[in-house]
Amino acid sequence: MTEPTSTNDSIEINKTADADESLQNRLQQASTVANNLLNEIKKVLIGQDAVIEQVLIALIARGHILIEGVPGLGKTLLVRSLAKCFGGQFSRVQFTPDLMPSDVTGHAMFNMAKQEFEIRKGPAFTNLLLADEINRAPAKTQAALLEVMQEGQITIEGESFKTGEPFMVLATQNPIEQEGTYPLPEAELDRFMLKVIIDYPSESDEQLMLRQVCSQAQGGFGLEHIRTLLKPAHVLSLQKIAEQITVDEQILQYVVKLVRATRSWSGISRGAGPRACIALLSAARAYALLNNNSFVTPDDVKKMFIPALRHRILLSPELAIEGIAAERILHNILLQVEAPRH
Amino acid sequence: MNLDQVTIEIRPRSAWEALDLGLLMAKRWWLPMIKIWLLVSLPFFAMTQLLPANWFWGGVIFMWWLKPVLERPLLHILSHAVFNALPDTRSTFNLFPSLALKQIFASLTWRRLSPTRCMDLPVLQLEGLSGARRQDRLGVLHREDSSPAIWLTFMGFALELCLWVGMISFIWAFIPREIDIEWANLFFDQESAQLHRLQLFIWYCALSLTAPFYVACGFALYLNRRIKLEAWDIDIAFRRIANKRSSTNLLSAFVLVLTLGLSVFASDAQRNVYAEDQLPTMENSSAAEAYSGEAILDQPLGEYTELDRHQTQESIKAVLQQAEFSRKEIQRTLKFDKPEEEEDDEAATFWKKLFNFLDNFEGFVAAASLLEILLWVGVAALIGFVLYRYRHWLAAQFVRITPTPSPKAKPVTLFGMDVTRESLPEDISGNALRLLNTGDVRAALALLYRASLFHMIHSGIEIHDGHTEQECAELMHQHFASNSAAQTRVAYFAALTREWQRLAYGHLLPSAEKAQHLCANWNACWLQQGHSTAQGVTQ
């Protein structure tokens, strides 16, 4: 940290006024579009604003999202409405104990008529892949998603195929304590940018939801009323704009400091890896975009810290036995790690 | 009773050995016993067969209830057979009415369910005791071996039931499978009227099989108890010695003296045990040798007299003063002198004296009370000490005391900036404007922000390491939420924070007007109301 009065020279404002202005404008537009998207989904999925916001953040930050919650809280509805909002393709795979990896990714099949192998693409070739109840499938099938989540491509019979663009996996899982579930392997968990806990809506929200459902002719959720606000290409440009959001050196240091703190923190037996830093920064950028900011502040980082890190740390057995949640430990880290110095 | 004629080995046995002896006795004389049993019980069984079919349970209970009476001839046979005088069936059968009528009412009413029935029957039948004498006699007999008698009754009953069920099953097993009838219903259900008579017969068979053994075992227990009480084995041994030595005058004279002496002792001892109970002598038994149809064992006690304890004590003393019991030996052995014993003696006498003294001391009770109080005080002190010693642990376990927040020292640096009064110039606005004019916008804003933080800290707002600029603004907003006078300052700090964040993280310079405005207004916002606000906060 240097004395503020002496850092004047260190500030490099290397953008020209025009470029700055055009970025601001584009940012403004992007933020408006993203907020419109948010509001559109909110119309259908009532009482889960924070969840919707985090899903959008993951979409803008090219991440994948793991949604944990008991059945019946609207996880599938959220994904379907998101897919409809940006006109993308949507496929859903219900993970069951007997699901095979090829059922997700696709496989090569011999065509008797043509006497040749044909590639039959699986449901992962889409824009939004909903992996419903992912922890109901054994680790073998869960691992089928590793490549596609990281690389955005699937290799079948030695040939790589690109998935749709944009591509996002939204996996839902039941709380691990429930019967008949397989915990996700660490490598898989690490590939999810955010883990969102979906909880029961408040009483007033639930009443509102019920009223809305009752007013529908078929008793549906009003998914057909959702407008398609943008195309998949627009989502890609949203992602590009988010990548242009300014990140100060101090913010980078703060991100690294926070993630490194999880590795040496008492009570955490396994801290987060470097992928957590990337995910945290990307999410903070997307959050800044949603809030119409052209730069990332420590507040954005703090806001995204818990969703981005909660599934990447392993609590020590003592704390786990005592029933202390990872969120509490992460909150302590946020309180005690020094915020950026300017 | 002639012990020379006894056909069993006379020795004290344990109760279970006695039961074994009873079984052997039953096996040995089973035929005469079962003969007389069938003779006396068959008429009663025939009576039950005359009962209507639905009186099945009545028949069962009737037979079972009469058992004490029907068992009496069996005991009669056994009691004679033991002394080698097995009576014939006819004479026993003739005696049955007189045997059966002895105390029949009591035997079939309140004594019927007595668990020690088998052991008590000889007292009634052979000794002919009744009333209080019988009770006393039973009291003596029951001092030992009553528990095996109870178990014998219980096991006998269980055996009867097992035999009954077993025989029914046995018959059942011989029924061909082709006859498809639910035989269990016939035997055990209420529709089993057809087979009631068969069942009753089976029950009678079961009783017949167990009765001789039951009576014999009970009699064996009784005999064993008498052998122990009256020292029959010693008696027999002396008789044997006496017979062997009768030819040798000198020795025989000695043995005679010894026998007489011991028999006096034995008779006295018996008197002490059960009141004037005279052991039948050989002379007496010679009268019984000619079988007269009366029980052999029924005269062992003589006339009943009250126990004269004084006389008994005298007799015992007299015996003990005889030469045989008063032989003295002097043994000389070397021994270490034991001064400790003397000390012990001294200590003992000291304590004795002390307690004697204390007994007479009137204030002793008061002193004891004082001692008690002191002890309680000691216990209370000990508890207090333990509580004090482990107070932290106890507090952690049971009492959740919220620690009183210790007043924190005001931080001197925050966000890496020096926020002490010394580091700040007197005129913040003036200095900031000067910096702004020189083009150092960042320095100007930093100065404003630093000064603002200084005032925030000193107005009581707690700022931690983890707080960001935005959170500081929110803290300030919360802190002054109820203070309308400070709202301009809150608004000013929010604006300053926004511009500072844009500059620091977004690398965006504020517009000249905004910067100018912030610099110029700092003094007005923070210093004018600062004093009053600080006072308000401290209050």
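See the values below:
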read-out: Dipole of chain A, positive direction: furthest Cα of A:F125, A:I52, A:A339, with charges on the beta-carbon; value: A:F125
read-out: Inter-label distance for B:D136 and B:A381, nm, one decimal - labels placed 7 Å from Cα along Cα-to-Cβ; value: 6.6 nm
read-out: Amide proton proximity set for A:A108, modelled H, under 5 Å, gap of 5+; value: A:R120
read-out: Cβ-based exposure ranking for B:C525, B:C205, A:C277, A:C214, in which fewest neighbours within 10 Å come first; value: A:C214, B:C205, A:C277, B:C525
read-out: Vicinal HN-Hα couplings computed from phi for the range B:197-210 (Karplus, 6.51 cos²θ - 1.76 cosθ + 1.60; Hz; Gly/Pro x); value: 5, 4, 5, 4, 5, 4, 4, 5, 4, 4, 4, 5, 5, 8
read-out: Hz values of 3J(HN,Hα) by residue in the range B:215-230 - Karplus curve (6.51, -1.76, 1.60), Gly and Pro given as x; value: 5, 5, 5, x, 5, 4, 4, 4, 4, 4, 5, 5, 4, 5, 6, 9
read-out: Likely footprinting exposure, A:M109, B:M167, fewest C-beta neighbours within 10 Å first; value: A:M109, B:M167
read-out: Hz values of 3J(HN,Hα) by residue in the range A:152-164 - Karplus curve (6.51, -1.76, 1.60), Gly and Pro given as x; value: x, 9, 10, 9, 10, 6, x, 10, 9, 10, 7, 7, x
read-out: Semi-axis lengths (Å, descending) of the ellipsoid that matches the C-alpha gyration tensor of the range B:1-131; value: 28, 17, 15
read-out: Distant-in-sequence amide H partners of A:F161 (H built 1.01 Å from N, under 5 Å); value: A:I154, A:T155, A:I156
read-out: Exposure proxy order (Cβ contacts within 10 Å, fewest to most) of B:C217, B:C162; value: B:C162, B:C217
read-out: Distant-in-sequence amide H partners of A:R270 (H built 1.01 Å from N, under 5 Å); value: A:L314
read-out: Average beta carbon contacts from partner chains per residue of B:444-454, 10 Å cutoff; value: 2
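Computed from the coordinates by the stated procedures, all read-outs in this text should not be read as laboratory data. Everything numeric in this text was worked out from a predicted model, so none of it was measured. Neighbour counts are summed over all protein chains in view; Cβ atoms, including those assigned to glycine, are modelled from backbone coordinates with ideal geometry.
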